[in-house]
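The next block holds one structure in the form of structure tokens; read it before the comments.
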Amino acid sequence: MRIAIKKINYYSQFIAAFTLALLLFMTVVDVLLRNAFFIYLRGTYELTQILMSVIVFMAVGYSHDHKEHVVIDILYEHLPRAQKWVLSLISSLIFLAINATMTWVVFQFALRQLAQGDHTSSL
């Protein structure tokens, strides 16, 4: 199971990177067209919001798996190894609970939007 999760995290980082590159390209084109030709790309702001959530959710697993997330080292580095392990376990459980809650809420919101036939204001 751990190997499968590592593989999913490995490939999801590429999805996040591709999405970030797409977001960068879209933003640059929008700014250039707006400033040079007064042409506005419709829905750029909303797509930026949507794609940012994709980037965060796709990259957070990989960063957590490789301990690349933000840690306050001032206290953590002075703890004994056993306490570091307990603290790491607690932070992982908190991370899991927050991520599961966010996923559930967004999923429920998406189902509600689909059932009502809602859409974004520009798209």
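FYI, it's all coordinate maths here, none of it is from the lab. Because the structure is predicted, anything quoted here is derived from the model rather than measured. Positions of Cβ are generated from backbone atoms using ideal geometry, with glycine treated the same way; all protein chains shown enter the neighbour counts.
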When the Cα centres of the stretch 70-123 and the stretch 1-26 are compared, how far apart do they sit, in Å? 17 Å
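Equivalent ellipsoid semi-axes for the stretch 70-123, as square roots of 5 times the alpha carbon gyration tensor eigenvalues: give them largest first, rounded to whole Å. Please list the in-between numbers first.
Numbers: eigenvalues 329, 32, 3 Å².
With the √(5λ) rule applied to the stretch 70-123, the semi-axes are 41, 13, 4 Å.
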Could you calculate, for the stretch 1-68, the ratio of the Cα radius of gyration to the Kirkwood radius, expressed as Rg to Rh? 1.17
At 30 angstrom or more along the helix axis (alpha-carbon based) and mean Kyte-Doolittle of 1.0 or higher, what helices does the chain contain? Whole DSSP H runs only. 2-37
Using Cα-Cα distances under 8 Å and only pairs 6 or more residues apart, what relative contact order does the chain have, in percent? 32 percent
Which order do MET26, MET52 fall in if you start with the one that has the fewest other Cβ atoms within 10 Å? MET52, MET26
Distance (nanometres) between label positions extended 7 Å along Cα→Cβ at ASP73 and THR27: 2.8 nm
What's the FRET efficiency of THR103 with ILE39 using the Cβ-Cβ distance as r and R₀ = 25 Å, to the nearest 0.05? 0.10
Starting from one equal scatterer on each C-alpha and no solvent at all, send me the Debye-based log10 I(q)/I(0) for the chain at q = 0.17, 0.21 Å⁻¹, two decimals. -1.04, -1.24
